Amino acid sequence: MARLRTHLLARGPLAEQASTFLGRAWSKGWLPPPDLDPAALWALAAKPYGASAEAAEHAGRSDEDVADFRERLARLIASVEAEADLNPLGRTMAWGQLARVVKNRLAFGALWRERRDFLDTRLAPPIIVIGHMRSGTTRIHTLLAADPAHSYTRYCDAYHPVPVPLGLNRIKATLELAMLGALNPWMQSIHPMTPGGVEEELAWISAALHHSIYESQWHIPSYSAWSEARDPAPIYREFARILRTDAAHRGIADRPRVMKIPAFAEDLPALLAQFPEARLVLAQRDHHAVLKSAVSLAANQMAIQSDSCCLTAIETRWQHKIALREARIESALAKWQGPVAAARFDDLNTDWRSAVARIYHDLGLTLTPPALAAMRSVIAASEGGRHKAHAAQLTRFAKAT
């Protein structure tokens, strides 16, 4: 039976024990604390490449993109050090994430030096789900991805995107999810994930150091503000390179990719510059419900990594995110000439078939019997899904206040 989540900032016993152990190990000299210095991260990642590390960093990328990543890494780490107040487990997790980002940066460059053709891969126009976090984007994404005519990103490729032989990325993802589940017993109820399951591409923009995944885990207001105001074009150029590589490696470039990241809402002009023939689906939900669920998700992530989380600060941050994204969606769509469909959260719950049929009609797509059959299977599988536990948590917390 799953452990009861008693409040928004609750954390599991293993996370408590791990953080305590790491802190003691550092203080007694049993283990060195992780070094978050950008130069140290680069040195670690560059070691396997020797004299070709610089060539790997630049391969397939413009000087602007290389400089953007370097500046982002320095600013993000400075914000983490000054503002995040990470506990020992949080610092270890931060090091792990950022070390992987820099390693993958060089690994992709090394791959693109050998396989330039990956970057020239022609992609079918994608179907992009736009909307706030917790607004129904995941349900829309999963239903549309079930259509055999479409393609999607798997969790194992989202978080381990550099192509490797023998399905090793799936093995890594399986071990990773098991470890994360042990540290965070409520993770799967808030955002269910499986190694080969449909997953958003959040890790791919995070690979270029977009702020969204990091601000949902750490209190980094200065980096968030700086990144929100900065031109995201270098991030989406890297995103497009990773997408083309994944599509070529998996042999799915000819099928429209169904994609979604809530952060797309902040950056639509840069995203659509990469995919000017995209079809858009706009997820809609009451903002109060979105806020409650977003705060719950962020609090769950942040409490594991910091002992000084403030619910008021978390709620203020997500009120800002909702307002910012709403304004940017409205501005971008006012200039967009391509197809757009809308889907309300409540409609998806009460009559998903009709909601999906409207999406297909508005996008000029054909809803085939095989697609409907696959979607029915998705809905049937979700009836007893772990995500329902999160709704129960929110109801319980509301009654307690």
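At a glance:
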| quantity | calculated |
| --- | --- |
| Residues of type aspartates and glutamates that LYS260 reaches as a straight line, Cα spacing below 12 Å, ignoring anything fewer than 8 places off in the same chain | GLU199, GLU200, GLU201 |
| Which listed pairs, of LYS28/LYS103; LYS172/LYS321; LYS172/LYS292; LYS103/LYS172, have C-alpha distances above 23 Å, in listed order | LYS28/LYS103; LYS172/LYS321; LYS172/LYS292 |
| Once the Cα gyration tensor of the stretch 8-99 is diagonalised, semi-axes √(5λ) in Å | 31, 16, 11 |
| Apportionment of accessible area to carbon and sulfur, the chain, percent (1.4 Å) | 57 percent |
| Kirkwood-Stokes translational diffusion coefficient of the stretch 75-121, alpha-carbon pairs, 25 °C, 0.890 mPa s, µm²/s | 194 µm²/s |
| Relative contact order [Cα under 8 Å, 6+ residues apart], the chain, whole percent | 25 percent |
| The chain, accessible area per residue, ligands and nucleic acids excluded (1.4 Å, Å²) | 44 Å² |
| The chain: antiparallel DSSP beta bridges as a percent of all, rounded to 5 | 15 percent |
| Peptide ranges 143-150, 252-259, 164-171 listed from the most packed, as the mean C-beta count within 10 angstrom indicates | 143-150, 252-259, 164-171 |
| Dipole magnitude of the stretch 228-271, debye to nearest 20 (Cβ charges: Lys/Arg +1, Asp/Glu -1, about Cα centre) | 280 debye |
| The stretch 126-280 shape via C-alpha gyration tensor axes, a/c threshold 1.5 | rounded |
| Reduced Cα scattering model of the stretch 103-181, Debye log10 I(q)/I(0), q = 0.20, 0.21 Å⁻¹ | -1.17, -1.19 |
| ARG24/THR174 FRET efficiency (R0 30 Å; Cβ-Cβ; nearest 0.05) | 0.50 |
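The values are calculated or read from the model by the stated rules, or taken from the named source; none is laboratory data. Predicted model only: the values in this text are computed from it and were never measured. Note: ideal-geometry Cβ built from the backbone for every residue, glycine included; neighbour counts use all protein chains shown. Note: accessible area is taken over every heavy atom of the protein model, side chains too, but ligands, DNA and RNA are not part of it. Shrake-Rupley method; radii C 1.70, N 1.55, O 1.52, S 1.80 Å.
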